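*Asks:* Got a structure for you, written out below as structure tokens; questions coming shortly.
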Amino acid sequence: MTTLVFAVDPAARVPLWKQITDRVAGLVDEGTLSPGDRLPPTRVLARELGVNRSTVCRAYEELWALGYLESRQGSYSTVRGRARAVGSVGPATGRPIVDWDRLSAPGPRAAFRGLAALPETPDVEPGAIDFGSLTADPALSPIDDFRRAVRRVLLDDGRRLLDYGDPAGYRPLRETLARRLRAHGVRVSPDEVLLTQGAQQALDLVARLVGTPGDAVVVEAPTYGLVLPLLRMAGLRPLEVPMTPEGMDLDRLERVLARHRPAFVYTVPSFHNPAGVTTDQAHRERLLALCEARRVPILEDGFEEDMKYFGRAVLPVKSMDVHGLVLYVGTLSKVVFPGLRIGWIAADREAIRRLAVVKRFTSLSDNVVAQAAVERFLRSGRYDAYLRRLHATFRRRMTAMVKALARRLPAGALEWREPAGGCTLWARVAGAHRADEAALLEHAREAGVTVTPGSLFFATPDDGLYVRLSIAKTKAHDVDEGCRRLARAVARLAAR
Ligand code: PMP
């Protein structure tokens, strides 16, 4: 019989039976106790440890349940030959025995390494003014309206909505969106609308469907930062075409299309993230004509289509698309409830059928309750009322930003253009270089303002130093102070 030498601590927060279990299991794991070793009878061990016999019985039962002990009626408990618990670290080398980097597919591996190499997006510190976030301001969220919509749909149809849903998305929402898209000049039937988990999933589905690993995909430079790893994960190669103040450089695009036969062209024509540019009608027509001539699909990201609050609206490229070349992506996220993950793709019916198959095998079903509640919310008119309030708020904030930049920064220190809507303003720091980015971020942090570093938005950053300024979460009366702090950070950089 093995003698067990250890003590238990009645004052500890861990119950006594658990302390005994852990100690004995530890002795087996480390090899001090071997298979076949006999444990002391419960009565003996209870006496040695100064605990109740029932406490030891409970510990032995637990050890038996965990596979550490064997016991037969009326006999001793013995240690069982048990496969050793294997941690993820090898005992001899101290190195992980599973090399996830080597096991990863090339796309995810590159995305992981790329993410590790990115500059850290600074946390918003207490007291700092946030020009970084680009998500709808939760402080403005129409929570009560949405709560009522959820309650209503659950009362009316809860059981069905809590079941798996149509992989293409909740039909009434597809109908409502098809109707709403008409206001943007996009004429599609509900069968030409696929619901997705935000615009991000829409982009992902297209990247999985269109193109072959190794193909190039045209993106603007700068472009939406999180489309780059997404393309790489699908094995696609982002091919950058520079942005001009009028939008993607179309002369350059023409040459790229001729030379590279890209799988598709990704573009954000309205309220570009990050560049803030909204292209005009002529630019959109030429972009479409160039792609039509080469039969290259356009992935049009209309992530803020509803966020026009200055001047006249320009209709999406999709509104001119008679050949079904444009895959038009939308989302609710930049207006309201990003956590609900409500996005969509409007496209040619055949493309939608194929995208729906990709989606079926990656996610089976959406969150139908969320889609039904959103449908109710849109149909109730509360969304449009909220949107009008949001426009008024954002117009105030953006006007404040434009004024404050002009007032607080010395002429020529920042180069920027006034956006036509959306939340972002893109600025180049005059006379500075990309290598100064970390220093600028640090000065901004010290000055108490958060901005988004420009290098996040390029596959291959150029030498300029850029920042993206967003008014999504900053109240109009804080904007001026934010710009004053930004001016201080820029001045410190210039003084180096
Ligand atoms: N496209 C652009 C240009 C974006 O900025 C974002 C979010 N930042 C998305 C797509 C994805 O949005 P979501 O998935 O939240 O709808």
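The values are calculated or read from the model by the stated rules, or taken from the named source; none is laboratory data. Bear in mind the structure is a predicted one, so any value in this text is a computation, not a measurement. Ideal geometry is used to build each Cβ from the backbone, glycine not excepted, and the neighbour counts take in all protein chains shown. Just the protein is used for accessible areas: all its heavy atoms, side chains included, with ligands, DNA and RNA removed. Shrake-Rupley method; radii C 1.70, N 1.55, O 1.52, S 1.80 Å.
*Asks:* How many of the residues making up the range 418-431 are modelled with pLDDT under 95 and more than 21 Å from HIS477 (Cα to Cα)?
*Replies:* 2
*Asks:* Which of (1) under 25 Å from PRO242 (Cβ atoms); (2) under 23 Å from the mean Cα position of the chain (by Cα); (3) outside any strand (DSSP E or B) does ARG468 not meet, given it meets every other one?
*Replies:* (3)
*Asks:* Give me the pairs, please: first residue somewhere in the range 338-350 and in a strand (DSSP E or B) and of a type in the set (A, V, I, L, M), second residue anywhere and near the ligand (Cβ under 9 Å from one of its atoms) and at pLDDT 95 or above, beta-carbon distance under 7 Å, and either six or more positions apart or on two chains.
*Replies:* Pairs found: ILE345/THR196; ILE345/ALA202; ILE345/VAL329.
*Asks:* Of (1) within 27 Å of SER333 (Cβ to Cβ); (2) open to solvent by 60 Å² or more (accessible area, probe 1.4 Å), ARG434 satisfies all except one. Which?
*Replies:* (1)
*Asks:* Scan the range 285-314 for residues that are within 16 Å of the ligand (Cβ to nearest atom) and open to solvent by 10 Å² or more (accessible area, probe 1.4 Å) and jot them down.
*Replies:* Let us first name the residues in the range 285-314 that are within 16 Å of the ligand (Cβ to nearest atom), namely 298-308.
Within the range 285-314, PHE303, GLU305, ASP306, LYS308 meet the criteria.
*Asks:* While we're here: Considering only the range 190-216, state which residues are modelled with pLDDT under 95 and either crowded, with 20+ Cβ neighbours inside 10 Å or within 12 Å of the ligand (Cβ to nearest atom) (or both).
*Replies:* Applying the first criterion (modelled with pLDDT under 95) to the range 190-216 yields 211-214.
Matches in the range 190-216: GLY211 only.
*Asks:* Ok, one more. Could you list all residues from the range 1-50 that are open to solvent by less than 20 Å² (accessible area, probe 1.4 Å) and assigned to a loop (DSSP other than H, G, I, E, B)?
*Replies:* Selection gives LEU4, LEU33, LEU39, PRO40.
*Asks:* I've got another one for you. At least 1 residues that are modelled with pLDDT under 90 in each: list the helices (runs of 4 or more DSSP H) lying fully within the range 87-188 that qualify. Write out each step before concluding.
*Replies:* Working: elements: 100-103, 106-117, 143-161, 171-182.
Helices (runs of 4 or more DSSP H) meeting the threshold: 100-103, 106-117.
*Asks:* How many residues does the range 376-407 hold that are over 17 Å from PHE337 (Cα atoms) and touching a Gly at 6+ places or on another chain (Cβ under 9 Å)?
*Replies:* 4
*Asks:* Would you be able to tell me the number of residues in the range 51-66 that are touching a residue at least 12 places away in the same chain (Cβ under 8 Å), small (Gly, Ala, Ser) and either open to solvent by 100 Å² or more (accessible area, probe 1.4 Å) or over 12 Å from THR21 (Cα atoms) (or both)? Working first, answer last.
*Replies:* Going residue by residue through the range 51-66, those that are touching a residue at least 12 places away in the same chain (Cβ under 8 Å) are 51, 55-60, 62-64, 66.
Right, trim to small (Gly, Ala, Ser) and you get 59.
Remaining after also requiring either open to solvent by 100 Å² or more (accessible area, probe 1.4 Å) or over 12 Å from THR21 (Cα atoms) (or both): none.
Of the residues in that region, 0 qualify.
*Asks:* A further question follows. Considering ASP166, ASP191, ASP204, which residue is acidic (Asp, Glu) and closer than 28 Å to PRO274 by Cα?
*Replies:* Values: ASP166 fails: closer than 28 Å to PRO274 by Cα; ASP191 fails: closer than 28 Å to PRO274 by Cα.
Checking each option against the conditions leaves just ASP204.
*Asks:* Being open to solvent by less than 30 Å² (accessible area, probe 1.4 Å), without any contact (Cβ under 8 Å) to a residue 60 or more places away in the chain and not in a strand (DSSP E or B) is the filter here, so list the residues in the range 247-265 that pass it.
*Replies:* Here is the first cut: in the range 247-265, the residues open to solvent by less than 30 Å² (accessible area, probe 1.4 Å) are 247-248, 250, 253, 256-257, 262-265.
From the residues that got through so far, the ones that are without any contact (Cβ under 8 Å) to a residue 60 or more places away in the chain too are 247-248, 250, 253, 256-257, 262-263, 265.
The answer is LEU250, LEU253, VAL256, LEU257, PRO262, ALA263.
*Asks:* Can you name the condition, by its number, that ALA404 falls short on among (1) touching a residue at least 60 places away in the same chain (Cβ under 8 Å); (2) under 17 Å from PRO297 (Cβ atoms); (3) among the aliphatic types (A, V, I, L, M)?
*Replies:* Answer for ALA404: the failing condition is (2).
*Asks:* Restricting the search to the range 334-348, which residues are within 13 Å of the ligand (Cβ to nearest atom), of a type outside the set (Val, Ile, Thr), modelled with pLDDT of 95 or more and under 27 Å from PRO262 (Cβ atoms)?
*Replies:* Within the range 334-348, GLY343, TRP344 qualify.
*Asks:* List, please: which pairs have Cβ atoms under 6 Å, are six or more places apart or on different chains, and start with a residue in the range 218-246 that is part of a loop (DSSP other than H, G, I, E, B) and end with one that is β-branched (Val, Ile, Thr)?
*Replies:* Pairs found: LEU236/VAL217.
*Asks:* Moving on to the next point. Within the range 223-245, is even one residue modelled with pLDDT of 95 or more, open to solvent by less than 10 Å² (accessible area, probe 1.4 Å), within 13 Å of the ligand (Cβ to nearest atom) and more than 18 Å from ILE345 (Cβ to Cβ)?
*Replies:* Yes, the conditions are met somewhere in the range 223-245.
*Asks:* Step by step: first the residues of the range 315-333, then only those that are away from the ligand (no atom under 16 Å from the Cβ) and not β-branched (Val, Ile, Thr), then the one that is surrounded by the most Cβ atoms within 10 Å (Cβ to Cβ). Which residue is that? It would help to see each step written out before you state the result.
*Replies:* Keep residues of the range 315-333 that are away from the ligand (no atom under 16 Å from the Cβ), which gives 315, 319-325.
Then drop every residue that is not not β-branched (Val, Ile, Thr), which leaves 315, 319-321, 323-325.
On the way: LEU315: 16, SER319: 16, MET320: 17, ASP321: 24, HIS323: 11, GLY324: 16, LEU325: 22.
Among residues in the range 315-333 that are away from the ligand (no atom under 16 Å from the Cβ) and not β-branched (Val, Ile, Thr), the one surrounded by the most Cβ atoms within 10 Å (Cβ to Cβ) is ASP321.
*Asks:* Among the residues of the range 400-438, what is the count of those that are out of contact with any Lys or Arg (no Cβ under 7 Å at 6 or more places or on another chain) and in a helix (DSSP H, G or I)?
*Replies:* The total comes to 13.
*Asks:* If you go through the range 476-493 one residue at a time, do you hit one that is among the small types (Gly, Ala, Ser), open to solvent by 50 Å² or more (accessible area, probe 1.4 Å) and either closer than 22 Å to VAL336 by Cβ or part of a helix (DSSP H, G or I) (or both)?
*Replies:* Checking the range 476-493: at least one residue is among the small types (Gly, Ala, Ser), open to solvent by 50 Å² or more (accessible area, probe 1.4 Å) and either closer than 22 Å to VAL336 by Cβ or part of a helix (DSSP H, G or I) (or both).
*Asks:* Something else about it: Go through the residues of the range 163-172 one by one and say whether even a single one is buried (at least 19 other Cβ atoms within 10 Å of the Cβ), of a type in the set (Ser, Thr, Tyr), under 23 Å from TYR383 (Cα atoms) and more than 16 Å from the ligand (Cβ to nearest atom).
*Replies:* Within the range 163-172, one or more residues are buried (at least 19 other Cβ atoms within 10 Å of the Cβ), of a type in the set (Ser, Thr, Tyr), under 23 Å from TYR383 (Cα atoms) and more than 16 Å from the ligand (Cβ to nearest atom).
*Asks:* Given the structure, is LEU340 open to solvent by 30 Å² or more (accessible area, probe 1.4 Å), touching a Leu at 6+ places or on another chain (Cβ under 8 Å) and closer than 18 Å to THR176 by Cα? Talk me through it step by step, then tell me what you get.
*Replies:* On the way: open to solvent by 30 Å² or more (accessible area, probe 1.4 Å): yes; touching a Leu at 6+ places or on another chain (Cβ under 8 Å): yes; closer than 18 Å to THR176 by Cα: yes.
For LEU340, the condition - open to solvent by 30 Å² or more (accessible area, probe 1.4 Å), touching a Leu at 6+ places or on another chain (Cβ under 8 Å) and closer than 18 Å to THR176 by Cα - is met.
*Asks:* Given the residues ALA356, ALA282, ALA351, which is the only one that is modelled with pLDDT of 95 or more, more than 16 Å from the ligand (Cβ to nearest atom) and over 20 Å from LEU205 (Cα atoms)?
*Replies:* Working: ALA356 fails: over 20 Å from LEU205 (Cα atoms); ALA351 fails: over 20 Å from LEU205 (Cα atoms).
Selected residue: ALA282, the only one of ALA356, ALA282, ALA351 that is modelled with pLDDT of 95 or more, more than 16 Å from the ligand (Cβ to nearest atom) and over 20 Å from LEU205 (Cα atoms).
*Asks:* Search the range 124-160 for residues being away from the ligand (no atom under 16 Å from the Cβ) and in contact with a strand residue (DSSP E or B) (Cβ under 8 Å, 6 or more places away or on another chain), and hand back the single one that is nearest to GLY421 (Cα to Cα). Before you say what the answer is, go through the steps one by one.
*Replies:* Taking the range 124-160 as the starting set, the residues that turn out to be away from the ligand (no atom under 16 Å from the Cβ) are 124-129, 139-140, 142-160.
Then drop every residue that is not in contact with a strand residue (DSSP E or B) (Cβ under 8 Å, 6 or more places away or on another chain), which leaves 124-125, 128-129.
Working: VAL124: 24, GLU125: 27, ALA128: 24, ILE129: 21 Å.
Going through the qualifying residues, I end up with ILE129.
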